[in-house]
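Here is the structure we will look at, set down as structure tokens.
The values are calculated or read from the model by the stated rules, or taken from the named source; none is laboratory data. All values derive from a computational prediction rather than experimental measurement. Ideal geometry is used to build each Cβ from the backbone, glycine not excepted, and the neighbour counts take in all protein chains shown.
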Amino acid sequence: MEGGLTVMQEPRENTDRTVHKVTDFAQLKALSHPTRMRMLTLMSNERPYMVSEIAMALGESAGTISHHLRQLKKAGVVMQVPSPDGDGRKSCWQAVGEGYELSVDAKDASAVAQALDQAGAEFLQAGRERYRAAADSLPAEWRDPGCETSSVILLTAEEYAQMSAELLAVTRKWTQRNLTHREGDGSQPVMLATELFKWIP
């Protein structure tokens, strides 16, 4: 899964931004929850966030967000940090990286795939629904270029492998571009989802 939450399954190119390696199933289980995926996507710029700030952005209660943050802390993917303004009463949290690289034993591969597929499907569907609900209120430049397409096509095994490599190359190009952006430079979150699999009628 690349983009958005930016869970990467292969080494990335060198940049000055950090990717956290997920090495066991307990960590993956903590990541594989749609609300936690949304939280980590929001927190991916590695700046501190208050619980109330996350709750407001996601439309969740502060109690729910606090619970998920504790689970993510146990997994080692977020940490509690001092408030930037020095106010000790504020609960502030920060992601430990801007992406997550999977490095899991082969014996866990099936469980990894199942957990990611389920949470990822819910995460993506909920994102589509939020976009469609808000589309009419978005500026034209963030509404018109969007694309969504699906097709069942005939390919040989060689063409299937070639198409997969080409799509991954395009995805990788823009995922790496994402790593160069900074808050305030005009960039906005855009969902990139790529799937290619053998169709079973």
> Pairs under 6 Å by beta carbon, first residue in a helix (DSSP H, G or I) in segment 112-125, partner buried (at least 17 other Cβ atoms within 10 Å of the Cβ) and modelled with pLDDT of 80 or more, six or more apart or different chains?
Replying inline: ALA119/HIS33; ALA119/PRO34; GLU122/PRO34; PHE123/PRO34; PHE123/MET37
> Across segment 174-201, what is the total count of residues that are modelled with pLDDT of 85 or more and touching a Ser or Thr at 6+ places or on another chain (Cβ under 8 Å)?
Replying inline: 4
> So how many residues does segment 31-76 have that are charged (D, E, K, R) and part of a helix (DSSP H, G or I)?
Replying inline: 6
>> For the structure I just gave you, tell me whether ARG36 is modelled with pLDDT under 70, of a type in the set (Lys, Arg) and in contact with a helix residue (DSSP H, G or I) (Cβ under 9 Å, 6 or more places away or on another chain).
In response: no
> Inside segment 159-201, can you point out the residues that are of a type outside the set (Gly, Ala, Ser), touching a Gly at 6+ places or on another chain (Cβ under 9 Å) and closer than 25 Å to PRO139 by Cβ?
Replying inline: TRP174, THR175, ASN178, LEU179, PRO189, VAL190, MET191, LEU192
> Are there any pairs, at least 6 apart or on different chains, whose C-beta atoms fall under 6 Å, with the first in segment 183-194 and touching a residue at least 12 places away in the same chain (Cβ under 8 Å) and the second surrounded by 11 or more Cβ atoms within 10 Å (Cβ to Cβ) and of a type in the set (Ser, Thr, Tyr), and if so, which?
Replying inline: THR194/THR171
>> Would you confirm whether or not segment 47-55 contains a residue that is at pLDDT below 90 and either closer than 27 Å to LEU192 by Cα or not polar (S, T, N, Q) (or both)?
In response: yes
> How many residues are at pLDDT below 80 and within 16 Å of LEU42 (Cβ to Cβ) if we restrict to segment 73-101?
Replying inline: 4
>> Pull out all pairs, ordered by first then second residue, where Cβ-Cβ is under 9 Å, the residues are six or more apart or on different chains, the first lies in segment 34-58 and is on the phi > 0 side of the Ramachandran plot and surrounded by 19 or more Cβ atoms within 10 Å (Cβ to Cβ), and the second is outside any helix (DSSP H, G or I) and modelled with pLDDT of 90 or more.
In response: none
> Is it true that ALA111 is small (Gly, Ala, Ser) and at pLDDT 85 or above?
Replying inline: no
>> Restricting to segment 164-201, and then to whatever is aliphatic (A, V, I, L, M) and over 26 Å from LEU154 (Cα atoms), can you tell me which residue is surrounded by the fewest Cβ atoms within 10 Å (Cβ to Cβ)?
In response: VAL190
>> Go through segment 136-154 and report how many residues are without any contact (Cβ under 8 Å) to a residue 24 or more places away in the chain, closer than 13 Å to MET191 by Cβ and surrounded by 10 or more Cβ atoms within 10 Å (Cβ to Cβ).
In response: 1
